[in-house]
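Accompanying notes for the structure given below.
The values are calculated or read from the model by the stated rules, or taken from the named source; none is laboratory data. Bear in mind that the values here come from a model prediction, so they are computed numbers and not experimental data. Cβ coordinates were reconstructed from backbone atoms using ideal geometry, including for glycine residues, and neighbour counts include every protein chain displayed.
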């Protein structure tokens, strides 16, 4: 065993990892990366099929981001944001505000397509919604360190804003989706509804209300039989998932505990299992929140910065939005960003909010209205410089062409997986894909937890030179934007072979 692998096993405790299993084998030790390729200490190369846990946008070792960090290093690496300002953070805040309000004056509320289920329901929810309430400019940026802290900032702002504008009693209530994961700090964990991650910390957290997630593939209201395509396409329903959200708002009002904020990952839930929302869902639940005078918190830690791809068909007014909520012309009150913000180089996050929320914290010193929250590395100059360079790349014509080509290539290549009996649902939103593995695609029967099918498939992919990490038995494909069509093909081929090898063998043995 290599010395570095030995040191890792001896001293490092890895996140979301059963360390007893980890200690059974020699880990892959990454020492170098370029573009979408990672190299380990033995010289073996791997395609980074999940962008190093959804963070890397433009590939590793990108010369323009390297250069931006190098220039900043010659000036200063970090100075405190407590009582001081700095150049890169100020420029980045201006840039983020500009991107978060695209063509705001011209944004129009979308409508479901001609063949979209529930179009009449969508119109009903939007019919009496004032346009002024749906378009609230995001004008202020609070920097922090990672996705969890960006959510923590949003929660504290929403909580205190609600208390100051609607009275301290009753205590503000937050709604989040079934299967929600918004980070690992205590406030973020309180929003979560994945027992595997959150149950152990129930004694530390505050109670939040759970609402139905639009999981079309396993929705009890979906009357359609399984087909070999994305369940959102062939679903048969009447938007009952939206009705459940409205019921929850009504129930909270009757209890005398109105909702302070609804928290969602727009377009697709990540750690829940890459659960995509059918077109129109986000627009409808945002309208419900507005009608109930609740804030909307958009967790775009994963979905932000171009991950959700080209514009959906709901709204032709916007072009190439970098944030998922803008696909449906939804403007949140608080927008949480992290992961890809620096291109995957450095930990940095931001929470954007409105002037109205900002103003609620203005006052004289003795009034103690200050937002008492902060981080040592808030507005770090190196992170901000990397983020500015990343945004330059994202907004280039070359990047848009590459992302569009990659999105289409991924869609084309994923079709081959539909012939595999263990593939139940293939879900793609832009440059994000989740492939749910099942024992029987006709019945949607799950594999047992102890069978570790998703983990075994990813281990088999690693032997084929492709690295990713499963969410249970959902295989995630989310490569950097620089990944070529040939490399996409290699990723999907490795996945197909691994599924046949591992999931196929489980199915065969189960029928002996």
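Before moving on, here are some points about what is shown:
- Matching residues, segment 191-217, being closer than 20 Å to residue 251 by Cα, part of a loop (DSSP other than H, G, I, E, B) and touching a helix residue (DSSP H, G or I) at 6+ places or on another chain (Cβ under 9 Å): 206, 207, 208, 212, 213, 214
- Selection within segment 157-190 - touching a helix residue (DSSP H, G or I) at 6+ places or on another chain (Cβ under 7 Å) and either assigned to a helix (DSSP H, G or I) or within 20 Å of residue 472 (Cβ to Cβ) (or both): 157, 161, 176, 180, 181, 182, 183, 184, 187, 188, 189
- Breaking point among (1) at pLDDT 95 or above; (2) in contact with a strand residue (DSSP E or B) (Cβ under 7 Å, 6 or more places away or on another chain), for residue 486: (2)
- Test: residue in segment 476-489 that is part of a loop (DSSP other than H, G, I, E, B), more than 25 Å from the chain's Cα centre (by Cα) and farther than 21 Å from residue 268 by Cα: no
- Options 385, 376; residue that is modelled with pLDDT of 95 or more, closer than 30 Å to residue 347 by Cβ and part of a helix (DSSP H, G or I): 385
- Some residue of segment 387-395 being surrounded by fewer than 14 Cβ atoms within 10 Å (Cβ to Cβ) and more than 29 Å from residue 296 (Cβ to Cβ): no
- Qualifying residue in segment 413-420 (condition: part of a loop (DSSP other than H, G, I, E, B) and within 26 Å of residue 165 (Cα to Cα)): no
- The set of residues in segment 424-446 that are crowded, with 19+ Cβ neighbours inside 10 Å, in a loop (DSSP other than H, G, I, E, B) and touching a strand residue (DSSP E or B) at 6+ places or on another chain (Cβ under 7 Å) comprises 438, 439, 441.
- Exactly one residue out of 264, 245 is in the same structural domain as residue 353 (by TED's automatic domain parsing), closer than 16 Å to residue 334 by Cα and in contact (Cβ under 8 Å) with a residue 40 or more places away in the chain, and it is 264.
- Hey, residue 257 over 25 Å from residue 321 (Cα atoms) and within 21 Å of the chain's Cα centre (by Cα) or not: no
- Residue satisfying condition, being buried (at least 20 other Cβ atoms within 10 Å of the Cβ) and in contact with a strand residue (DSSP E or B) (Cβ under 8 Å, 6 or more places away or on another chain), within set 353, 342: 353
- In the set 296, 322, only one residue is under 21 Å from residue 180 (Cα atoms) and in contact (Cβ under 8 Å) with a residue 24 or more places away in the chain; that residue is 296.
- Restricting 472, 465, 504 to residues that are loosely packed, with under 15 Cβ neighbours inside 10 Å and either in contact with a strand residue (DSSP E or B) (Cβ under 8 Å, 6 or more places away or on another chain) or within 30 Å of residue 224 (Cβ to Cβ) (or both) narrows the list to 504.
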